[in-house]
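Colleague: Quick one: the structure is below, and I'll ask about it shortly.
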There are 2 protein chains.
Amino acid sequence: MAQISLSAVFAQEDLDEQSSLDIPTDESSTPLLRLSRKAIEDGYDSVCIPLTNEAWRTRWKEMCLTVDGKQSPEVERLAEDWRASEGPFLKTEMNITRLDEAVATIGMVSEWLELDSPDEGVRYDSEIALKQELAYASYLNMPAVVLPPPRNRLHVADYARAVNACLKSTTAYLHISVRIPIYDPRSASTDTLSQQTPPENVPLSAHARAPDGDLSSTWEMWDVIRSVCGYSPRLSLALDLSLPLPVSSGVLSRWSTEPCYQIFLPATSFISNAKGYPVLTKLTQNFLRNTFKYNPTILLARTRSNVHQIGNHLAYAQYVRHLERTSPEIIASQQPGTLENYAKGYWDYLQAPLQPLMDNLGSGTYETFERDPVKYERYEEAIFQALSDRGNLGRVVICLVGAGRGGIVTRCLQALDRSKCDGIVYAVEKNPNAFVTLQEHREKEWGSRVQLLYGDMRKIQVPEQADILVSELLGSFGDNEASPECLDGAMRFLKPDGISIPSSYTAYLAPISSPKLHNELLLNTSKAGPETPYVVMLQAVNMLSGDGGGLRGNCGSRIQECWTFSHPRRDAVLNEQGLPITNAHNTRSARLNFHIPNAGVLHGLAGYFEAVLYRDVGLSIHPEGMDHISPGMLSWFPLFFPFRDPLYLPSNSELQVSIWRVTGKSKVWYEWYAESYLPVLSAPPPFRPVTPTPGKVGAFLQVAGTPASDFLSPTTPGIYSPLASAIPSPISMVHESDPKNTEGGGFRMGAGGEGGLGGGNVIKIGQTALHNPDGRGSWTGL
Amino acid sequence: MAQISLSAVFAQEDLDEQSSLDIPTDESSTPLLRLSRKAIEDGYDSVCIPLTNEAWRTRWKEMCLTVDGKQSPEVERLAEDWRASEGPFLKTEMNITRLDEAVATIGMVSEWLELDSPDEGVRYDSEIALKQELAYASYLNMPAVVLPPPRNRLHVADYARAVNACLKSTTAYLHISVRIPIYDPRSASTDTLSQQTPPENVPLSAHARAPDGDLSSTWEMWDVIRSVCGYSPRLSLALDLSLPLPVSSGVLSRWSTEPCYQIFLPATSFISNAKGYPVLTKLTQNFLRNTFKYNPTILLARTRSNVHQIGNHLAYAQYVRHLERTSPEIIASQQPGTLENYAKGYWDYLQAPLQPLMDNLGSGTYETFERDPVKYERYEEAIFQALSDRGNLGRVVICLVGAGRGGIVTRCLQALDRSKCDGIVYAVEKNPNAFVTLQEHREKEWGSRVQLLYGDMRKIQVPEQADILVSELLGSFGDNEASPECLDGAMRFLKPDGISIPSSYTAYLAPISSPKLHNELLLNTSKAGPETPYVVMLQAVNMLSGDGGGLRGNCGSRIQECWTFSHPRRDAVLNEQGLPITNAHNTRSARLNFHIPNAGVLHGLAGYFEAVLYRDVGLSIHPEGMDHISPGMLSWFPLFFPFRDPLYLPSNSELQVSIWRVTGKSKVWYEWYAESYLPVLSAPPPFRPVTPTPGKVGAFLQVAGTPASDFLSPTTPGIYSPLASAIPSPISMVHESDPKNTEGGGFRMGAGGEGGLGGGNVIKIGQTALHNPDGRGSWTGL
């Protein structure tokens, strides 16, 4: 049942103390085995000890460090022999020597190694020593080791390169963690007693530093290390919670999505409650509980240092177990029927989106859908309200397109019953297999009020036009299962004043960081790759965007609207069969501008939808809308649009996302792209182009003096400078006010002649590739 | 002989005028054919005309543009039919209709298409029209078309996505250019007559805008387009020189490495010389001549507009041909024996570096080397000076390790003769094939003053120790052909007070942009990929770095030193055979900080070397040193370290490059990595960590109050916060002053406790992957 694992951290002194006791050491009793056994008895799952002791440190220092740049030839020779053989250790230098001692032991690599020393020689010899320790840990079958933290931002790339080399040279079994404190204590103000929260927005004049600028430095080091190590799945984080947690939620949420295998939690990080027992601050409790779902090992240290007046050394472990037991998420996930319980198996699992138009779904898939009571209840309510609004105008015709196994048919009948309307339900379905189930339902339950029609809604004919057209063709992003195209085909069935349920659906996007999902894409080559979106129950994900408009006040909210589809669509041009001639009216595009308050790495975009079924009855997976629009609904996980290469985004940057819904002759797909910007302070100095010498001024002026309206206009034939937007062109003028302009909720950076992006207060700093599925993962059948 | 091609640009009016003439049109005479024939007679190679005329524009506008958001159903229906079929054009809408008219014709795509309109509908219909024009151009077998320029920075991603879609839908034969002006005229000051050059450095208070900030905007658009199009080799640039050129060389050099297939040069860009003839400014002349080597087509427009008083319409083409004929580079490249002539065939060609230690070179390779007189002359001079300094102390022993086919043996003998010394030359060679040639030379030329020794210099024995050890084992990066390792093995042959020629060599790096080389790596999958360095005669390359220290004054020069190897090395630890025990002493690393004055895209690093042979006699391929150290030397091209993914660098950013020379048991290789930073203005607001409630202060203070020396020191066992560099550790202290520290000429961003990178005036904005050859392209045999 336990999700997390507890480890007792022992220091060298603890081992030395145990060794100095007058207990005979034999096959079954060594100082370390005795410590381990005691820890297991105390409720721990493992112990965590330094791999090496002071003897090795002394020998290494003697061999590898010079005094005043000098070294005796004998010692140099010893050092060279050691470098050549990368070993061996002496037995007396190691704290652990036997296989049985290693079974439940996490090794701490020598704390004094300096992989990021400013001295190249020290770095080199530290790397050899690290390799040697890791090889030894592999030899003893240890499951995991923890590396000392990087200490020098200037040389963190050296540290990272060494770790990458070690990952390649050690066995795949050994897991390597890097210990990192949650922030650099030097960046914390000495005013630690202030209750003030840090300012969330910095005025432009103070510019482009994060409110948590300095709180980023250790995360930045971790980011360099795991990037240089290519997001290796064998590399993880031992997050050090020795320091008081910062208030900024952006800083904490960034850490909570990193691969946190261990959490270092010394007794000194506990405060005393009113009775004097050790407890954690609310902030730390919440943070810890958030990480529990990733099953970390909590490394409890200094528990015997008598830091707290009440409660013995066991109080810390007991408190952490208590936190785990009372974690709402863990409790919920163990309760059948909850979203947490249902979703657990899907956490961060990349699924190809369904393509019900192209593929016929299996009965099991329908079964999964039908397990969600909320969606069906919302549909019934919407139909009921539509019927009620209509009043009793006689027999009502409902047409359900895409009936599946009939879940919504039943709800249509119930709505008819509730509203006491006389009516008929036409149920259209193109899946021949599901059509058998529909026949069975009709025979056994529905009777003659339901008429079944087999065929593609874009091709078949119905006996009469409907008052209400009901459909459930929605995907995680609203339109991503070709609902607009299918409904275009079905609109023939609807009376001119008829109602469509849903009446509209809107797609939303937010930029996210997720080392885990990025890694899934890197590792899982059987997936379609980073060029198609995936359906994912997002868990280890950090939303990078923030509300508040950003430093320049021109960014949208943290989750932004892309576009909306409304039904019935009255303005499409139809052919003789009542079908649209092209799919042009279903193309969409959006350009969104996000404020990025805290530095992070962009791995993709999270896509959500919100649908209006009828009036105020809706469906939503928008993180901020779902809980009041359709609470508890399980049917849709978000859509994940990955970026092939991670894009680093500094604090207070802006991310401009472009997304397109593109249509070809028989396909619909998305393409997406992003650029990053940083607001800056001042306007650039004026530019002066080269000028002719005085003797040549005449001819030059002839050029420079050409009237701008002639020189620049794009509408003049044979023009010679094409930056037409300097002068509004007649075409643009007409269309700027065109209501067809469906562009999303993004911002406008001084369109037209006002200088645009290059114009003074923002600087471009990066971009992604264009992501284009090239036919893979597209929807066919248009 | 001609490298460039000239094209006469005709406007619609020219065609209309020709059509209105009373000349009968038949099989062999159409208005366009007549214009073409006249242009060929006038010395042009082709003509450039608009593909479509006003009739198409009128029809497109009627179909696709709405009036007050409304459109008649009939017209909507026409538009939908057009969208569905993507055509056809009417004959009367096209300026070109026959295959023979298309032979030497560049098509200008309809200037009025708005692929970057703010209106989504206009963008959509412009994209269909573009596809239709491109399909038509493909049908007529036209070699190239020119697209109208992007006009709207806000929607350039839309423009780019449309072009990418068209590249995929058209035949591979058609080449597509995007017309782009060299800068946005709106960014130019009206003070066009000022002779002042723009300021090269902006003070920190004015911050992070490029001196050429606004001059970047059109290049930035081009960069978005080609990036979104994945560096397609079918996409290129039609650079528009309608506007006066900017003075900033950074702006110009950025353009000169882009794939510039056409240069648009209207008569209005010419000035008048003293006699009134049209000429170009010196700056434009230089810029044009620089681009000639890529064989562009110069599009000459408005030549009949009587812009200049003297010279008829032919004067412009004649002047451009004159520029070509008098281009020093073109003249030199046609002259055998010059560097330009020799290098021409190697321009931007990626070669795997030689591995003479692993492979035995062929005679042809030696032959190529021996064609370079400068290298041999420098070697003879160095040996002569060393002999002269030595004075006449009796018989001198010279040992040449790696004799090859003997080119330097001959120079040793000549130096002995010139200095009138009595001596012997031992020539060591491990290539069994070259050893045959050596025997022939000895027999026919050298006689008994030369003694040949066959074998690997790291293993064989020589009859006596040498006064002078001569070697030529240098690679483009100095040590990249394992010269340090080979000479370690040969130092046994040298008397304790002997001289090594070369006495040292130093490696240099600079960050470069090269869309061409990046493309070569993308396309040429037979190459080893982006994880190994290549030898390249760099041509279409722009050095991104600048001198001057950057905004914060902490950057090095534009080309920076990485490390140096000196011989003989006195301090290596040797075994009984006189060989080093490990290769640890030949590892190196450097961290370099470059100032990036103008925005650009980082594609790789250029590597150079400079060697001291003896005293002031040297060899250099360092761009700033080569012309006075070893002018005219042909033997080495630079080394190119590619980055897999391009990294966008804004103006005034800093690029921190890390490079390592790593050694394994039997290999040596390089790894490289870079991070980008942007200087910012102010310090961040102070951070306040969460604090306990008043009732819990006691326990918290116990933590916060722990003395820092105990709490933070990495050298204290059982420590709980690891950012040790806050307090200088004893280990670091010893080594900061260690002369073994061979770190390169980079800057130190406040090492240790001063806050480092996170500390207030620089913000990280991006990074590359670690490039690690994983054994490929490494050198073996150590």
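The values are calculated or read from the model by the stated rules, or taken from the named source; none is laboratory data. Remember, it's a predicted structure, so these values are computed and weren't measured experimentally. Heads up, the Cβs are rebuilt from the backbone with ideal geometry, glycines too, and the neighbour counts pull from every protein chain shown. To get the accessible areas, we keep the full protein, side chains included, count just its heavy atoms, and leave off ligands, DNA and RNA. Shrake-Rupley method; radii C 1.70, N 1.55, O 1.52, S 1.80 Å.
Colleague: Evaluate the stretch A:480-500: report whether one residue or more is in a loop (DSSP other than H, G, I, E, B) and not assigned by the TED database to the domain that holds A:LEU574.
Modeller: Looking for residues that are in a loop (DSSP other than H, G, I, E, B) and not assigned by the TED database to the domain that holds A:LEU574, one finds at least one in the stretch A:480-500, hence yes.
Colleague: Determine which member of the set A:THR506, A:THR532, A:THR525 is closer than 16 Å to A:PHE477 by Cβ and assigned to a loop (DSSP other than H, G, I, E, B).
Modeller: A:THR532
Colleague: Now, a different point. Can you pull out every residue in the stretch B:174-211 that is more than 7 Å from every other protein chain (Cβ to nearest Cβ) and at pLDDT below 85?
Modeller: B:THR190, B:THR197, B:GLU200, B:ASN201, B:PRO203, B:LEU204, B:SER205
Conditions (1) polar (S, T, N, Q); (2) over 22 Å from A:PRO502 (Cα atoms); (3) in the same structural domain as A:ALA540 (by the TED database), marked per residue:
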| position | (1), (2), (3) |
| --- | --- |
| A:GLU576 | no, yes, yes |
| A:ASN593 | yes, yes, yes |
| A:ALA611 | no, no, yes |
| A:ARG615 | no, no, yes |
| A:SER620 | yes, no, yes |
| A:ASP627 | no, no, yes |
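Colleague: Which of the residues spanning the stretch B:384-404 are surrounded by fewer than 18 Cβ atoms within 10 Å (Cβ to Cβ) and hydrophobic (A, V, I, L, M, F, W, C)? Give the derivation first.
Modeller: Taking the stretch B:384-404 as the starting set, the residues that turn out to be surrounded by fewer than 18 Cβ atoms within 10 Å (Cβ to Cβ) are B:388-395.
Passing the criteria: only B:LEU393.
Colleague: Now for a different question. Residue check, A:PRO73 against (1) farther than 29 Å from A:ILE263 by Cβ; (2) open to solvent by less than 30 Å² (accessible area, probe 1.4 Å), all met but one. Which one?
Modeller: (2)
Results for (1) within 14 Å of another protein chain (Cβ to nearest Cβ); (2) touching a helix residue (DSSP H, G or I) at 6+ places or on another chain (Cβ under 9 Å); (3) in contact (Cβ under 8 Å) with a residue 40 or more places away in the chain, shown as yes or no for each residue.
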| residue | (1), (2), (3) |
| --- | --- |
| A:LYS293 | no, yes, yes |
| A:VAL307 | yes, yes, yes |
| A:HIS322 | no, no, no |
| A:PRO328 | no, yes, no |
| A:PRO353 | no, yes, yes |
| A:GLU370 | no, yes, no |
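Colleague: Restricting attention to the stretch B:539-548, which residues are part of a loop (DSSP other than H, G, I, E, B) and either modelled with pLDDT of 90 or more or open to solvent by less than 10 Å² (accessible area, probe 1.4 Å) (or both)?
Modeller: B:ALA540, B:VAL541, B:LEU544, B:SER545, B:ASP547, listed by residue number.
Colleague: Which of the following residues is touching a residue at least 40 places away in the same chain (Cβ under 8 Å), more than 26 Å from B:SER514 (Cβ to Cβ) and either surrounded by fewer than 21 Cβ atoms within 10 Å (Cβ to Cβ) or away from chain A (no Cβ under 11 Å) (or both): B:ARG302, B:ARG289, B:ARG234, B:ARG254?
Modeller: Exactly one residue qualifies, and that residue is B:ARG302.
Colleague: Oh, and also: Do you know which of the residues in the stretch B:70-116 that are of a type in the set (S, T, N, Q) and within 36 Å of the chain's Cα centre (by Cα) is farthest from A:PRO580 (Cα to Cα)?
Modeller: Ranking the qualifying residues of the stretch B:70-116, first place goes to B:THR105.
Colleague: Tell me, please, whether a residue that is out of contact with any Leu (no Cβ under 9 Å at 6 or more places or on another chain), buried (at least 19 other Cβ atoms within 10 Å of the Cβ) and at pLDDT below 90 can be found in the stretch B:618-630.
Modeller: No, the conditions are met nowhere in the stretch B:618-630.
Colleague: Residues that are buried (at least 22 other Cβ atoms within 10 Å of the Cβ) and outside any helix (DSSP H, G or I): does the stretch A:405-415 have at least one?
Modeller: Yes, the stretch A:405-415 contains at least one residue that is buried (at least 22 other Cβ atoms within 10 Å of the Cβ) and outside any helix (DSSP H, G or I).
Colleague: Mind checking which residues of the stretch B:549-568 are of a type in the set (D, E, K, R) and not in a strand (DSSP E or B)?
Modeller: Quick first cut of the stretch B:549-568, residues of a type in the set (D, E, K, R) only: B:552, B:558, B:561.
Listed by number, the residues that qualify are B:ARG552, B:ARG558.
Colleague: So which residues in the stretch B:257-286 are without any contact (Cβ under 8 Å) to a residue 12 or more places away in the chain and either outside any strand (DSSP E or B) or not β-branched (Val, Ile, Thr) (or both), if there are any at all?
Modeller: B:ASN273, B:ALA274, B:LYS282, B:ASN286
Colleague: Next up: Return yes or no: is B:GLU520 closer than 29 Å to B:SER256 by Cβ, more than 14 Å from the chain's Cα centre (by Cα) and touching a residue at least 40 places away in the same chain (Cβ under 8 Å)?
Modeller: Values: closer than 29 Å to B:SER256 by Cβ: yes; more than 14 Å from the chain's Cα centre (by Cα): no; touching a residue at least 40 places away in the same chain (Cβ under 8 Å): yes.
Taking the combined requirement at face value, the residue does not satisfy it.
Colleague: I'm trying to understand the selection: among the residues of the stretch B:56-103, which are closer than 17 Å to B:TYR139 by Cβ and either within 12 Å of another protein chain (Cβ to nearest Cβ) or among the charged types (D, E, K, R) (or both)?
Modeller: Once the filter is applied, which keeps residues that are closer than 17 Å to B:TYR139 by Cβ and either within 12 Å of another protein chain (Cβ to nearest Cβ) or among the charged types (D, E, K, R) (or both), the stretch B:56-103 yields B:SER85, B:GLU86, B:LYS91, B:GLU93, B:ASN95, B:ARG98, B:ASP100, B:GLU101.
Colleague: Now for a different question. Could you check, for the stretch A:417-431, whether at least one of its residues is open to solvent by 90 Å² or more (accessible area, probe 1.4 Å) and modelled with pLDDT of 95 or more?
Modeller: Looking for residues that are open to solvent by 90 Å² or more (accessible area, probe 1.4 Å) and modelled with pLDDT of 95 or more, one finds at least one in the stretch A:417-431, hence yes.
Colleague: Further, regarding this structure: What are the residues in the stretch A:1-48 that are in a helix (DSSP H, G or I), open to solvent by less than 50 Å² (accessible area, probe 1.4 Å) and touching a Pro at 6+ places or on another chain (Cβ under 8 Å), if any?
Modeller: Result: A:GLN12, A:LEU15, A:GLN18.
Colleague: May I ask you to say which residue of A:ILE23, A:ILE106, A:ILE49 is within 30 Å of A:VAL156 (Cβ to Cβ) and either away from every other protein chain (no Cβ under 14 Å) or without any contact (Cβ under 8 Å) to a residue 40 or more places away in the chain (or both)?
Modeller: A:ILE106
Colleague: Report yes if A:ALA274 is in the same structural domain as A:GLY107 (by the TED database), over 33 Å from the mean Cα position of the chain (by Cα), crowded, with 16+ Cβ neighbours inside 10 Å and more than 25 Å from A:SER236 (Cα to Cα), otherwise no.
Modeller: no
Colleague: For the condition among the β-branched types (Val, Ile, Thr) and modelled with pLDDT of 50 or more, what is the one hit in B:VAL668, B:VAL690, B:VAL697?
Modeller: When all the criteria are applied, what remains is B:VAL668.
Colleague: Inside the stretch B:415-430, can you point out the residues that are farther than 19 Å from B:GLN385 by Cα and either without any contact (Cβ under 8 Å) to a residue 12 or more places away in the chain or of a type in the set (A, V, I, L, M) (or both)?
Modeller: Result: B:ALA427, B:VAL428.
Colleague: Please work out which residue is modelled with the lowest pLDDT, limiting yourself to the stretch A:346-383 and to residues that are open to solvent by 30 Å² or more (accessible area, probe 1.4 Å) and among the acidic types (Asp, Glu).
Modeller: Step by step, filter the stretch A:346-383, then rank; the result is A:ASP359.
Colleague: Turning to a different aspect of this structure: When the stretch B:561-578 is examined, which residues are found to be in contact with a Gly (Cβ under 6 Å, 6 or more places away or on another chain) and either surrounded by fewer than 22 Cβ atoms within 10 Å (Cβ to Cβ) or facing another protein chain (nearest Cβ under 10 Å) (or both)?
Modeller: Those that are in contact with a Gly (Cβ under 6 Å, 6 or more places away or on another chain) and either surrounded by fewer than 22 Cβ atoms within 10 Å (Cβ to Cβ) or facing another protein chain (nearest Cβ under 10 Å) (or both): B:GLU561, B:TRP563.
Colleague: Determine whether the stretch B:287-295 contains at least one residue that is among the aromatic types (Phe, Trp, Tyr) and out of contact with any strand residue (DSSP E or B) (no Cβ under 8 Å at 6 or more places or on another chain).
Modeller: yes
Colleague: Hey, any hits in the stretch A:51-68 for a residue that's part of a helix (DSSP H, G or I), farther than 24 Å from A:SER7 by Cα and among the acidic types (Asp, Glu)?
Modeller: Looking for residues that are part of a helix (DSSP H, G or I), farther than 24 Å from A:SER7 by Cα and among the acidic types (Asp, Glu), one finds at least one in the stretch A:51-68, hence yes.
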